[in-house]
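Quick notes on the structure that follows.
Read the figures in this text as sums done on the coordinates, not as results from a lab. Computed from a predicted model, the values in this text were never measured in an experiment. As a convention, Cβ positions derive from the backbone with ideal geometry for all residues, glycine included, and neighbour counts pool all protein chains shown.
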Amino acid sequence: MNIFLQCDFDHPLIQNFYQKVDEGYNTAIEDPKFKEWYETKKLPIRGELFLRLSAYTSIFNKMFTRKENSARERHEYYNKQEVALLSEILEKGIFMCAELASLAHYYLKTHGVDNFYVGGELLPKLYEESEELRGGRHIALFTLETIIFNLFMIQHFL
């Protein structure tokens, strides 16, 4: 399935989300406890980016809930719509990796964080238990620092 998504980043739902992320980030960046914690961890990612991504994830999980078995409804939505809107997909709870990557890409770009999309194939045997993840193309969004951070986490915790 080819999907065509109109990213209506100016929609009030998305603007409200981005505003709440910024508020969470601004509160956390001024917290001396974070600075102290960050200095002791020696993470290979800038504190500002770590906080921005943490605020983003936290607010996203509070504002949006993905429906169970949303793949079928998402597929039907894209097939019925001449123009699929990001805001509607978020409201309906039928978002998957492509929509999540688009939402994050724009947010990070507007805050001066270089980032890029990565597409790939999942191996069916790795995800046999998940109907929605079985095979197919998946998209992720990365910054160079998050790749380094993930490698750091793998090295220290596996």
#### Entry: Sum of side-chain charges, GLY24 neighbourhood, beta-carbon under 14 Å (Lys, Arg +1; Asp, Glu -1)
-2
## Note on the structure
Here, VAL83 and ILE29, labelled 7 Å along Cα→Cβ, have an inter-label distance in nm of 3.3 nm
### Task
Find, among the trypsin sites (Lys or Arg not before Pro) in the range 1-76, those assigned to loop by DSSP (not H, G, I, E, B) with at most 11 other beta-carbon atoms within 10 angstrom.
LYS42
### Query
Under a 5 Å amide H to amide H cut-off, with H placed in plane at 1.01 Å, what residues pair with LEU85 once short-range neighbours are removed?
GLN6
### Query
What's the FRET efficiency of ASN61 with ASP10 using the Cβ-Cβ distance as r and R₀ = 22 Å, to the nearest 0.05?
0.40
